[in-house]
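See below for the structure under consideration.
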Amino acid sequence: TDLLTDAAIGFIDKEVTAERPFFCYLAYNAPHTPALVSDDYFDRFKAMGLSDKEAAIYGMLASLDDNMQRLFDHMRDLGIWEDTIIIFMSDNGPIRGRYNAGLKGWKAHYDEGGVRVPFFIRWGDHFANGDIVKERLAHIDVLPTLVKLCGLKGSSDLSLDGQDFSSLLYDTEAFWPDRILYTLPEGNREHIENFGSVRDREWLAVKQNGQWSLYHLSQDPTQQVNLAENRPDILARMRDAYEQKYASMPYRF
């Protein structure tokens, strides 16, 4: 985490010195196993009565916080903090047994707990801090949104899966069309053919071990009630949409 932060600061310094706009993708690999952290961070949480592994994990989180603060303070010193778009996000749900906000599933699962993650974005006073966007967004939306926010010229012949959600950053009640989002599996052929999920604003259909379940996501975000037998019409619509998308993917084994 320290080394990645050093590298990011060095890159930003070089771009600012050259008076160039920049894009910095800083992909920290913490917290993650192997659970290793310096003694000062480890000892702080071990003293709270945590196990060795938990103390290391929480120590990694504290190190991450401190390094992000170091990066942000450096950007303030450079005078670019207020004019830089900052995005903080994760890649997938936690491993089994960690905090998951009551959602079903964990990392590598296709339920909400496996794929729903926090996403924070800040850009000076361009839009209000603290607003909450409730629409269902996805990682594929980040590119077209940044293109819009930065005033870049997108390629007219480039087909993108994502949608620009910048309007929601300025007005959380702005119109947002309903759409279907797909979570497609990876792995060997057996896994790819038997797992996955598909969502829209209201519903979530999950394929696990070849069997489909259905949840009214807007009313049941923690997936307590499987409505597959009660709403076969909805399940058929969601399943068919998923199977069409699945069939279009160029999987290689």
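The values are calculated or read from the model by the stated rules, or taken from the named source; none is laboratory data. Remember, it's a predicted structure, so these values are computed and weren't measured experimentally. For neighbour counting, all protein chains shown are included, and Cβ atoms are generated from backbone atoms with ideal geometry for every residue, glycine included. Keep in mind that these areas ignore ligands, DNA and RNA; they rest on the heavy atoms of the full protein, side chains included. Shrake-Rupley method; radii C 1.70, N 1.55, O 1.52, S 1.80 Å.
Here are a few things to note about the model shown:
- Residues being touching a residue at least 12 places away in the same chain (Cβ under 8 Å), closer than 23 Å to Phe22 by Cα and assigned to a loop (DSSP other than H, G, I, E, B) - total across segment 139-163: 4
- Candidates Ala236, Ala174, Ala247: the one that is over 30 Å from Phe127 (Cβ atoms) and surrounded by 12 or more Cβ atoms within 10 Å (Cβ to Cβ) is Ala236.
- Looking across segment 1-55 at every residue that is small (Gly, Ala, Ser), in a helix (DSSP H, G or I) and under 16 Å from Gln69 (Cα atoms), the one that is least open to solvent (accessible area, probe 1.4 Å) is identified as Ala8.
- Against the conditions (1) touching a helix residue (DSSP H, G or I) at 6+ places or on another chain (Cβ under 6 Å); (2) loosely packed, with under 13 Cβ neighbours inside 10 Å; (3) free of Cβ contacts under 8 Å to residues at least 12 places away in the same chain; (4) not polar (S, T, N, Q), Glu186 satisfies every one except (1).
- Residue count for segment 75-132, restricted to those that are within 14 Å of the chain's Cα centre (by Cα), under 18 Å from Ala30 (Cβ atoms) and of a type in the set (Lys, Arg): 1.
- Residue match in segment 41-50 (condition: closer than 27 Å to Ile86 by Cα, at pLDDT 95 or above and out of contact with any strand residue (DSSP E or B) (no Cβ under 6 Å at 6 or more places or on another chain)): yes
- Members of segment 80-104 found to be at positive phi and either open to solvent by 60 Å² or more (accessible area, probe 1.4 Å) or free of Cβ contacts under 8 Å to residues at least 24 places away in the same chain (or both), listed by number: Gly97, Ala101
- Qualifying residue in segment 11-21 (condition: free of Cβ contacts under 8 Å to residues at least 24 places away in the same chain, in contact with a Gly (Cβ under 8 Å, 6 or more places away or on another chain) and of a type in the set (A, V, I, L, M)): no
- Subset tally (residues that are open to solvent by 20 Å² or more (accessible area, probe 1.4 Å) and either among the polar types (S, T, N, Q) or more than 28 Å from Val133 (Cα to Cα) (or both)) for segment 189-212: 11
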